[in-house]
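Peer 1: Quick one: this structure, given as structure tokens, is what I'll be asking you about.
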Amino acid sequence: MLRVTDDIQIADWEITESFIRASGPGGQNVNKVSSAVELRFEAARSPNLPDPVKRRLQRLAGRRWTKDGAVVLQVSEERSQARNREIARERLAELVRRATVVPKKRRPTRPTKGSVERRIKAKKVRGEVKAARGAVDPDM
């Protein structure tokens, strides 16, 4: 059981972990041991996530969201399989936690009357400056 928030918990059956060989440092150990973790969370079928959270999670997950509605995380940062497994679970919890936050609704605003008047006045002044420029009279 992975506890995300007080009211959201992810059951163990919703998470599938597979271990793969990692690249990077580790010497000969890298070729022998499957220390990288591929964590798969069946988010679309999860009964513990409300629908709005699922939609936000899909948007936040981006390319990590599969066509069948699963979130796939790959971690190969540490040489230890157990540590990589912890990191993957922490990342999943953080991703779901971020999806629980409801974004603030944007309210369209209008410029104040004074700011519109100042903008128009500045444009007129600039136009007058440009209009004052012109061909110099050769008679003078």
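Peer 1: Considering only segment 102-140, state which residues are under 37 Å from the mean Cα position of the chain (by Cα), in a loop (DSSP other than H, G, I, E, B) and over 30 Å from Leu57 (Cα atoms).
Peer 2: Arg110, Pro111, Thr112
Peer 1: Restricting to segment 59-101, count the residues that are of a type outside the set (A, V, I, L, M, F, W, C), within 21 Å of Val33 (Cα to Cα) and not in a helix (DSSP H, G or I).
Peer 2: Total satisfying the criteria: 6.
Peer 1: Any residue in segment 66-91 that's acidic (Asp, Glu): show its pairings with residues that are assigned to a helix (DSSP H, G or I) at Cβ separation under 6 Å, as long as the two are six or more apart or on different chains.
Peer 2: Close Cβ pairs (under 6 Å, with a partner that is assigned to a helix (DSSP H, G or I)) amount to Glu78/Asn84.
Peer 1: Please list, ordered by first then second residue, the pairs with beta carbon atoms under 9 Å, 6 or more apart or interchain, first in segment 37-59 and without any contact (Cβ under 8 Å) to a residue 12 or more places away in the chain, second of a type in the set (D, E, K, R).
Peer 2: Going by the 9 Å Cβ cut-off, the qualifying pairs are Pro47/Glu14.
Peer 1: Further question on the same structure: Could you run through segment 19-42 and say how many residues are modelled with pLDDT under 80 and at negative phi?
Peer 2: In the first step, residues of segment 19-42 are kept if they are modelled with pLDDT under 80; the result is 20-35.
Still in the running and at negative phi: 20-23, 25, 28-35.
Residues in segment 19-42 being modelled with pLDDT under 80 and at negative phi: 13 in total.
Peer 1: Which members of segment 58-69 meet the condition of being under 16 Å from the mean Cα position of the chain (by Cα) and under 18 Å from Pro47 (Cβ atoms)?
Peer 2: Selection gives Gln58 alone.
The values are calculated or read from the model by the stated rules, or taken from the named source; none is laboratory data. Remember, it's a predicted structure, so these values are computed and weren't measured experimentally. A quick note on method: Cβ atoms are made from the backbone with ideal geometry, for glycine too, and the neighbour counts reach across all protein chains shown.
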